[in-house]
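Note sheet for the following structure.
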Amino acid sequence: MSQELVLDVRHLRRSFGKVHAVQDVSFTVRKGQVVGFIGANGAGKTTTLRLLATLDSPDAGTIEVLGCDATNYPEKVRARLGWMPDNYGTYDNVTVAEYLDFYARAYGYVGAGRTRHVDEIMAFTELTSIQDRLMHTLSKGMGQRLCLGRALINDPELLLMDEPAAGLDPKARIEFKNLVRILSQQGKTILISSHILSELGEMCDTMLFIDKGRVVHHGSSETLLRGDADYLRLEIETLGPVDRLLAWAVLQPGLTFVESTNRGARFDFAAKEQGDLAQLLRCAVQDGIPVCDFHRLERRLEDAFVEVLKKSNGPVPATPPPFKP
Ligand code: ATP
């Protein structure tokens, strides 16, 4: 049975004067999905997320969060979502614990229950040991964890994160990914925006690409990374002259040159059957090409994104493809 619909966004539009930041955005997200919201600078990610977080109102279109209309009932929606902005304001002379306590109080937590709740949030986001630090003295990574802690205070079912990993060092990124994984295992639905695709690949099961304020792709990460099932990308390296490899490759049916590498080249290969790849390698060896490396390349999210953008130069569908669990 399909999962509960958490977000249902239809034909969203938002302009700022002559700038059409969001032109026609429609998509759905189901419970438990971790969605990568991807687009270049200025594509409309923050504007869309702010609309979803009820911090701004659309010029047209509708947003339903867990069945509730976000424009007409923003308070109800706010109670069920957590918002992590790309940067947050700090206060002088406020500690980590005081900051979280303030938000817990605002959400109606009282007494010992509030203290326990804040302690749990600090433990989860690994802030316990720095709970007495003044918030304006925190490093970028600590600040992001505090921001996440704040977004989790009301135990939201939907988490909206705007560029959460921007500016984090590699260790902090890994820690952040682990937190996202745990939150997803807890059943939270998460929308994460970024223009750094490599960091989203491992975290998200679904990708939503936006370009010039329009959705240009919405589908599973797996399908996207597998790419066009009609061909696979290959890297072949040779101990001999690369020119000879290229001359041989031109004669091989289904093999298309993509780019040169240091000692060989990358190709797209139209493999129809399981054994086609083995047959190609056999041919190379039989034809005297001194192959020293022959392997299939995983598609990168960046390649998939560029490909989608190229295709989207044609007509863009007004509604997203149906969700396939
Ligand atoms: P980035 O990755 O750089 O954060 P983004 O995809 O989040 O980009 P948005 O911040 O949504 O993009 O901006 C989309 C467009 O709308 C941009 O051209 C931006 O300059 C414009 N824009 C956004 N907010 C406003 C505003 N308040 N007033 C005027 N223009 C705005």
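The values are calculated or read from the model by the stated rules, or taken from the named source; none is laboratory data. This one's a predicted model, so the numbers in the text were calculated from it and none came from an experiment. All Cβ positions, glycine included, derive from the backbone under ideal geometry; neighbour counts span all protein chains shown. Note: accessible area is taken over every heavy atom of the protein model, side chains too, but ligands, DNA and RNA are not part of it. Shrake-Rupley method; radii C 1.70, N 1.55, O 1.52, S 1.80 Å.
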Through the Karplus equation 6.51 cos²θ - 1.76 cosθ + 1.60, θ set to phi - 60°, convert the phi angles of segment 249-257 into ³J(HN,Hα) values in whole Hz; use x for Gly and Pro.
4, 4, 8, 8, x, x, 9, 10, 5
If one computes the Cα centroid of segment 237-268 and of segment 184-208, what distance in Å separates the two points?
36 Å
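Could you calculate the FRET efficiency of ARG266 with ALA40 from 1/(1 + (r/R0)^6), where r is the beta carbon distance between them and R0 is 25 Å, rounded to 0.05? Could the numbers behind the result be given before it?
Values: r = 25 Å, r/R0 = 0.99.
E(calc), rounded to 0.05, equals 0.50.
Kindly work out what percent of the DSSP beta bridges joining two residues of the chain are antiparallel, to the nearest 5. Write out the running numbers ahead of the final one.
Numbers: 38 of 57 bridges.
The answer is about 65 percent antiparallel.
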Taking Cα pairs closer than 8 Å and at least 6 residues apart, the relative contact order of segment 90-148 in percent is 50 percent
For GLU307 paired with ARG116, estimate the spin-label separation in nm (one decimal), with each label point 7 Å from Cα along the Cα-to-Cβ line.
5.2 nm
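Gain in length, ASP276 to VAL242, computed as 0.36 nm per residue apart minus the alpha-carbon separation, to one decimal in nm? Mind dumping the intermediate values first?
Working: separation 34, 0.36 × 34 = 12.24 nm, distance 2.25 nm.
In short, 10.0 nm is gained.
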What distance in nm separates the simple spin-label points at ASN178 and HIS136, each placed 7 Å from Cα in the Cβ direction?
3.2 nm
Cβ-Cβ cut-off under 13 Å around ASP101, Lys and Arg +1, Asp and Glu -1: the net charge is 0
Dividing the mean separation of Cα pairs under 8 Å (6+ apart) by the residue count of segment 123-237 yields a relative contact order in percent of 19 percent
Which is the longest run of the chain containing none of the GluC sites (Glu not before Pro) found in DSSP loop states (not H, G, I, E, B) with at most 13 other C-beta atoms within 10 Å?
5-201
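How high is the relative contact order of the chain, given as a whole-number percent (alpha carbon pairs under 8 Å, six or more residues apart)? Kindly include the intermediate steps, with their values, before the conclusion.
Values: 568 pairs, mean separation 65.5, N = 325.
It comes to 20 percent, rounded to a whole number.
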To the nearest 10 degrees, the tilt of helix 140-152 (Cα long axis) against the first principal axis of the alpha carbons of the chain is 60 degrees
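Per DSSP H run of at least 4 residues, take -39500 (n - 2.57); add these up for the chain, divide by its residues and hand me the 222 nm value, nearest 500 deg cm²/dmol.
Details: 11 runs with 108 residues, N = 325.
Helix-only estimate at 222 nm: -9500 deg cm²/dmol.
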Run the quick spin-label model on SER15 and VAL258: label points 7 Å from Cα toward the beta carbon, then report their separation in nm to one decimal.
4.1 nm
Heavy-atom SASA rank of MET142, MET207 (probe 1.4 Å, accessible area, largest first)
MET142, MET207
Pull up the cross-link candidates among the lysines for LYS140, meaning alpha carbon to alpha carbon under 19 Å and not fewer than 8 places away within one chain.
LYS171, LYS177
Leaving out ligands and nucleic acids, and using a 1.4 Å probe, what accessible area per residue does the chain come to in Å²?
52 Å²
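Restricting to segment 13-164, compute how many DSSP beta bridges are antiparallel as a %, nearest 5.
On the way: 7 of 11 bridges.
For segment 13-164, the DSSP antiparallel bridge percentage is about 65.
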Magnitude of the Cβ-charge dipole (Lys and Arg +1, Asp and Glu -1) of the chain about the Cα centre, nearest 20 debye, reported as 460 debye
Can you tally the net charge around LYS76? Count Lys and Arg as +1, Asp and Glu as -1, for every other residue whose Cβ sits under 14 Å from the Cβ of LYS76.
-2
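Counting only other residues whose beta carbon sits under 10 Å from that of ASP293, what net charge do I get with K and R as +1, D and E as -1?
Neighbourhood net charge equals -1.
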